[in-house]
Amino acid sequence: MPKKKSFPLRIDPKLYEVIERWAADELRSVNGQIEFLLREAAVRAGRLPGKRQFQGEKEE
């Protein structure tokens with residue numbers, strides 16, 4: 001597995017609590033949940049090429 005880049009992140013405490021609960025619901029760590037959400041957003045925005053389409057989206 002490639003080494004991951006680490007960096008400090010400042011986040012609103014209320015948003016952190018939301019992500020923390022969401023991560024627990026999906027059996028992920030908070031870090032894993034944030035990475036999952038960022039990756040999902042990058043794919044949807046077309047900024048992460050070569051990744052799968054999300055359900056419900058049509059291929060162009």
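Within the set of pairs 6 or more residues apart or between chains, which connect a residue that is of a type in the set (G, A, S) inside segment 20-46 to a residue that is not in a helix (DSSP H, G or I) with Cβ atoms less than 6 Å apart?
Qualifying pairs under 6 Å: A42/L48.
Only residues that are modelled with pLDDT of 95 or more and either assigned to a loop (DSSP other than H, G, I, E, B) or surrounded by 11 or more Cβ atoms within 10 Å (Cβ to Cβ) (or both): list them for segment 1-16, please.
The answer is P8, L9, R10, I11, D12, Y16.
Tell me yes or no: at least one residue of segment 37-60 is part of a loop (DSSP other than H, G, I, E, B), at pLDDT 95 or above and of a type outside the set (V, I, T).
Scanning segment 37-60 turns up no residue that is part of a loop (DSSP other than H, G, I, E, B), at pLDDT 95 or above and of a type outside the set (V, I, T).
Mind counting the residues in segment 17-36 that are part of a loop (DSSP other than H, G, I, E, B) and either touching a strand residue (DSSP E or B) at 6+ places or on another chain (Cβ under 7 Å) or surrounded by 13 or more Cβ atoms within 10 Å (Cβ to Cβ) (or both)?
Here the count works out to 1.
The values are calculated or read from the model by the stated rules, or taken from the named source; none is laboratory data. Bear in mind the structure is a predicted one, so any value in this text is a computation, not a measurement. All Cβ positions, even for glycine, are placed from backbone atoms using ideal geometry, and neighbour counts span all protein chains on display.
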